[in-house]
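Peer 1: Pasting in a structure now, in structure tokens, and then I'll have a few things to ask.
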């Protein structure tokens, strides 16, 4: 069986998992294919554990995976295919001097296996190269199919968690802050002899993250990708609040909290009434600060505003609200898709008014820029 057909069955299993609701991205499928290549020999059990190790990461997905594996690789019509697949995987790893097939030259078989292996590597490199190109491609140039692939990449981004140092102390084995009271208490067990010193350190807690996303008409090419980023942040278990705005503010945290990304986006679309409309950033920020300014999720939070800065409102209002936000938040990050162009300059009235109150100014036009944003969050 040609290598491409064998890989097609492995990739097909990834599609089966997606169809059952598991978030299996292209990178995970590549890892699955690579894992099968380093196992020798490959049988049903090792194929199962290769998939468990590479295709899922959450314990709650194990049952769905087991059902999908049994359904896909256990169907009677696939028995012959599975036998051929295992034989091929075994051949590609067996040394040439161990390869003995009656009536066939061992060197020829080894050469065939090497050719198969080279073809498989070429397939993996081709997919990986396509993924890399997609990461660097601007969202406003993607086809619908590319948008779907980009959405999968964004959902699986690794986001660093913003942390803060709490006032309360906790026991620690690494810290050098001497804990005299606990040392004395522990010495009571040894007749007052302090054989073991105790130490303590300040707790590290997750800092709130607030995402404020522009869904006006000028952001239509980027809104979907930014919403996928927000979904990924909430799915990662962070303390996240998400708001959308065009001409006014809408809280969409609850709508994005479902496990199904498609259902979440549909719920957001039904909730936000001014999608693809005008832009009034200053008035929307004023609504955010007036209603949530004293909320625990906003105070001392990392606030990320995603907008092109093409505001139709009063720039003085925007400047005043950005100053308020800067005093309230721990850090203000502005993500502007237009900044992805090397010719971009923040000359629009709204962007120019907001710029003095921004701590970090980043692009947000492709998957790679959102990966960079994910790393900046925890800095």
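Peer 1: Among residues belonging to segment 46-101 that are outside any helix (DSSP H, G or I) and within 26 Å of residue 25 (Cα to Cα), point out the one that is modelled with the highest pLDDT.
Peer 2: Result: 56.
Peer 1: Output the number of residues of segment 230-264 satisfying the condition of being in contact (Cβ under 8 Å) with a residue 24 or more places away in the chain, closer than 25 Å to residue 318 by Cα and under 18 Å from the mean Cα position of the chain (by Cα).
Peer 2: Selection size over segment 230-264: 4.
Peer 1: Confirm whether residue 31 is out of contact with any helix residue (DSSP H, G or I) (no Cβ under 9 Å at 6 or more places or on another chain) and not assigned by TED's automatic domain parsing to the domain that holds residue 260. First the steps, then the outcome.
Peer 2: On the way: out of contact with any helix residue (DSSP H, G or I) (no Cβ under 9 Å at 6 or more places or on another chain): no; not assigned by TED's automatic domain parsing to the domain that holds residue 260: yes.
Judged against the criteria, residue 31 is not a match.
The values are calculated or read from the model by the stated rules, or taken from the named source; none is laboratory data. Note that the coordinates shown come from a computational prediction; the quantities given were computed from them, not determined experimentally. Cβ sites come from the backbone with ideal geometry, for glycine too, and all protein chains shown count toward neighbours.
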